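Peer 1: First, the structure itself, so that you have it in front of you.
All of the numbers you see were taken from the coordinates with simple rules; none came from a lab. Given the structure is predicted, the values throughout are model-derived calculations rather than measurements. Using ideal geometry, Cβ is built from the backbone for each residue, glycine included, and neighbour counts are taken over all protein chains shown.
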Amino acid sequence: MCQYSSIDGMANDWHLVHLGSRAVGGAGLVMTEATAVSREGRISPSDLGIWSDEHAVALSRITDFIRKQGAVAGVQLAHAGRKASTKVPWEGDGAVTDGGWEPIAPSAVKFADNYPKPCEMTIDDIGKAAILFADAARRSLDAGFQVIEIHMAHGYLLHEFLSPLSNFRNDKYGGPLENRARFPLEVAKRIRAVWPADLPLFVRISATDWTDGGWDIEQSVQLAKWLKEAGVDLIDVSSGGNVAAAKIPAAPGYQTRFSERIRSESGLMTSAVGMITDAHQAEHILVTGQADAVTMARKFLRDPYFPLHAAKTLGDDPQYPKQYLRAKPR
């Protein structure tokens, strides 16, 4: 059995993803990036977490501020799986050299040579992990979040179960698609059971591993149908992250076709993400029905005032903070 720590600690990092979504009544949604459901589920030692009540208390101050600004606070619940215990991005790639821990995964296979080897999860471990996600959802509600996004993408734990390139199990959690999807669906159902029916539940997926024999768009469409039955309201459609050597044809809007197909064939709302950096580009995605929402992150790191600029570009009259009214374009 893989080891679980009972030590609680406050996270010292806060990452934001900004998402403009019709799924939350037209309000702007500000979402944390990967927020660990357990200490061992962190990607790096500096990652944000919500595995203790103390985390919920600390985060409530931030969600309260977001709400007072007229926006909606969302949290992305995640477990890093075999990509845990790795360095913060600005210190390089690969395993933590000091103070690391043993990751857990569906199979004891490294993500890459310089990553730590994970412990293969037992059936009991899988059950405990599902409970961790549900507990994190309860704390998210206590903390004042109004949207949850379950992270099933980018080669983290739930994606690892989905993909045959990282899941080599021969029990009920491995093999056929319905088995590989079993644990991610159990997590979604457990969270939906504790998350209020009137609050949105999102899921982020990688629509493809960009590798032959791996996770692909056909399986993603079927997963979307199952997630819809489980009470999920929207799928945030990304790609890649599970195969270190995958060749990803990154270009502006390169993932929107996956969003459009999942939306069309599953009947579930989708959000498009990935190299969407222009107001007209984002508006085109929505108007043409490729997605119901657009998720953006890095653009906001480069330009925190992008919403104001985009609104002006699209002919709207955005509301400026009163301290900035002198700088509002006329």
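Peer 1: Could you tell me which chymotrypsin sites (Phe, Trp or Tyr not before Pro) in segment 265-330 are loop residues by DSSP with no more than 14 other beta carbons within 10 angstrom of their beta carbon?
Peer 2: Numbers: sites: Phe300, Tyr305, Tyr324; in loops: Tyr305.
Sparse-neighbourhood loop chymotrypsin sites (Phe, Trp or Tyr not before Pro): Tyr305.
Peer 1: I would also like to ask the following. log10 I(q)/I(0), Debye, Cα-only segment 265-330, no solvent, q = 0.21, 0.29 Å⁻¹?
Peer 2: -0.92, -1.29
Peer 1: Build a GNM of the chain with springs between Cα atoms under 10 Å: which of Leu177, Leu314, Leu268 gets the top mean-square fluctuation?
Peer 2: Leu314
Peer 1: May I ask for the net charge around Ile126, where only other residues with Cβ less than 13 Å from the Cβ of Ile126 are counted and Lys, Arg are +1 while Asp, Glu are -1?
Peer 2: After counting each charged neighbour, the total is 0.
Peer 1: Further, regarding this structure: Which residues among segment 76-90 fall inside the zone where the amide N is under 19 Å from a point 7 Å beyond the Cα of Glu102, along Cα→Cβ?
Peer 2: 80-86
Peer 1: Would you work out the relative contact order for the chain, in percent, from Cα pairs under 8 angstrom that are 6 or more residues apart?
Peer 2: Working: 704 pairs, mean separation 47.2, N = 330.
Computed value for the chain: 14 percent relative contact order.
Peer 1: Could you check the simple spin-label distance between Lys225 and His280, using points 7 Å along Cα→Cβ, in nm with one decimal?
Peer 2: Taking the two extended label points, one gets 3.9 nm.
Peer 1: Another question about this same structure. Measure of size requested: the Rg and Dmax of segment 16-296, with Cα atoms as the atom set and Å as the unit; please supply both.
Peer 2: 17.6, 50
Peer 1: To one decimal place, what Kirkwood hydrodynamic radius in Å is obtained for segment 98-255 from all pairs of distinct Cα atoms?
Peer 2: Evaluated on segment 98-255, it is 16.2 Å.
Peer 1: Apply the Karplus curve 6.51 cos²θ - 1.76 cosθ + 1.60, θ = phi - 60°, to the phi angles in segment 42-57 and return the couplings in whole Hz, x for Gly and Pro.
Peer 2: 3J(HN,Hα) across segment 42-57, in whole Hz: 5, 6, 10, x, 9, 6, 5, x, 9, 9, 9, 5, 4, 4, 4, 4.
Peer 1: Taking the Cβ of Glu160 as the centre, find all other residues whose Cβ is under 10 Å away and add up their charges (Lys, Arg: +1; Asp, Glu: -1).
Peer 2: +3
Peer 1: Label Leu177 and Arg298 with points 7 Å out from Cα along Cα→Cβ: what is the distance between them in nm?
Peer 2: My value for the distance between the label points is 3.0 nm.
Peer 1: Return the percentage of antiparallel bridges among DSSP beta bridges fully within the chain, rounded to the nearest 5 %.
Peer 2: Here the share of antiparallel DSSP bridges comes out near 25 percent.
Peer 1: When ranked by the protection proxy of mean other Cβ atoms within 10 Å per residue, highest first, what sequence do the peptides 114-126, 87-99, 45-57 form?
Peer 2: Going from most to least packed, we get 45-57, 114-126, 87-99.
Peer 1: Could I ask something else about it? How much length is gained on full extension from Asp113 to Val88, taking 0.36 nm per residue of separation minus their Cα-Cα distance?
Peer 2: 7.3 nm
Peer 1: Based on the mean of other beta carbon atoms within 10 Å per residue, what is the order of 66-77, 140-151, most packed first?
Peer 2: The packing order, highest mean first, is 140-151, 66-77.
Peer 1: Using θ = phi - 60° and the Karplus curve 6.51 cos²θ - 1.76 cosθ + 1.60, what whole-Hz ³J(HN,Hα) does each residue of segment 177-191 get, with Gly and Pro shown as x?
Peer 2: Result, ordered by residue: 3, 5, 6, 5, 8, 4, 5, x, 5, 4, 5, 4, 5, 5, 5 Hz.
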